[in-house]
1. Evaluate region 143-160: report whether one residue or more is at pLDDT 95 or above, assigned to a helix (DSSP H, G or I) and either within 20 Å of the chain's Cα centre (by Cα) or not acidic (Asp, Glu) (or both).
2. May I ask you to verify whether Ser258 is within 25 Å of Met41 (Cα to Cα), open to solvent by 20 Å² or more (accessible area, probe 1.4 Å) and touching a residue at least 40 places away in the same chain (Cβ under 8 Å)?
3. Across region 201-219, what is the total count of residues that are open to solvent by 30 Å² or more (accessible area, probe 1.4 Å) and over 22 Å from Lys259 (Cα atoms)?
4. Restricting the search to region 157-200, which residues are open to solvent by 20 Å² or more (accessible area, probe 1.4 Å), in contact (Cβ under 8 Å) with a residue 12 or more places away in the chain and acidic (Asp, Glu)?
5. Residues that are within 16 Å of ligand 1 (Cβ to nearest atom): list the helices (runs of 4 or more DSSP H) wholly contained in region 176-276 that include at least 1 such residues.
6. Considering only region 36-82, state which residues are part of a loop (DSSP other than H, G, I, E, B) and closer than 20 Å to Thr92 by Cβ.
7. With the checklist (1) within 16 Å of ligand 1 (Cβ to nearest atom); (2) in contact with a strand residue (DSSP E or B) (Cβ under 8 Å, 6 or more places away or on another chain) in hand, flag the one item Leu168 doesn't pass.
Amino acid sequence: AKGAGKNTYQIYTSSMEKEFLKEYHLERALRKAIERNEFLMHYQPKVEAKTGEIVGAEALIRWQHQDRMIPPGEFIPLAEETGIIFSLTDWTLRTVCEQIKRWEEMNVPIVPVSVNISPKRLLKNDWVETFLRIIDETKVNPEYLELELTESVLIENEESFNNSIQTLKNIGIKISIDDFGTGYSSLIYLRKFKVDTVKIDQYFIQNSLENEVPVAKYIINLSHDLNMNVVAEGVETEKQVTLLQQYGCDQLQGYYFSKPVPAEEYIKMVSGTRGQ
Ligand code: C2E
Ligand code: CA
Ligand code: CA
Ligand code: CA
């Protein structure tokens, strides 16, 4: 029994060591990735539910590391743990602002682009100031910019937070709440922050649309009562499109329309449907 115990222990440490080494290498690579230009943004269109016209986009980060494309689910949590998320978020916002500015200069039709903001980024007080500086320096029209926040940030930081959000909204930036339904807040609570848009988490789109009491339907109705716009994410099938249209959802986003694609490919789609 003693031997077996020791053996188990060794297997345990060696797998922990492997895990540790993997994370250690990933962290080192992550720290260098910005200066090595390994990140890029992909864009996924959001369409008007009634017409299918592209009316917005979400910017999603990609990491091209050596010959591998590492998905954000693998490195965003590590970036958050290590504090890399501060510079990474600022890089992301700047890159998207510069991209929108280039589109403005190219005279292509522009629809608002949303940027995912990690709740961790907002823990450092300089965030509003930094975001305003990035917008100022890139000379982007703030009306083309939307920030996707999660419910948790609103709950944790109530007072000062409301002021910060108001500052950004005053210059025309839109605020949307990502992954709605997975946290603990209520829509009534969100109203206090004058949130523009609620994004229903893809879980509810993929698993409960055909239920007798579809959660999505209630989120849509209540959001409209509160004057908020609703986006369904993770829309993959025609059936889901039909149901969401019936429920009166405003915008749809998902593989059914397009996966996230590089900027050049995305801009071709926008120009196409909007008859540039
Ligand atoms: P999210 O913000 O909820 O983004 C939606 C995710 O669902 C994206 O995964 C998108 O590619 C994927 N998706 C879109 N349509 C469909 C669909 O029809 N079916 C399915 N199954 N999936 C769909 P992605 O790009 O891998 O991003 C994963 C998460 O990583 C994001 O979830 C977001 O939380 C985070 N993330 C991505 N980019 C950024 C970023 O620039 N900054 C920060 N802080 N987080 C990011
Ligand atoms: Ca998002
Ligand atoms: Ca989401
Ligand atoms: Ca999500």
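1. yes
2. Values: within 25 Å of Met41 (Cα to Cα): yes; open to solvent by 20 Å² or more (accessible area, probe 1.4 Å): no; touching a residue at least 40 places away in the same chain (Cβ under 8 Å): yes.
In short, no.
3. Summing the residues that are open to solvent by 30 Å² or more (accessible area, probe 1.4 Å) and over 22 Å from Lys259 (Cα atoms) in region 201-219 gives 7.
4. Matches in region 157-200: Asp179, Asp196.
5. 202-207, 215-225, 238-247, 263-273
6. Arg36, Asn37, Glu38, Pro71
7. Status for Leu168: all satisfied but (1).
The values are calculated or read from the model by the stated rules, or taken from the named source; none is laboratory data. Everything quoted here is computed from the prediction, not taken from an experiment. Neighbour counts run over all protein chains shown; Cβ positions are idealised from the backbone, glycine included. Note: areas computed on protein heavy atoms with side chains; ligands, DNA, RNA excluded. Shrake-Rupley method; radii C 1.70, N 1.55, O 1.52, S 1.80 Å.
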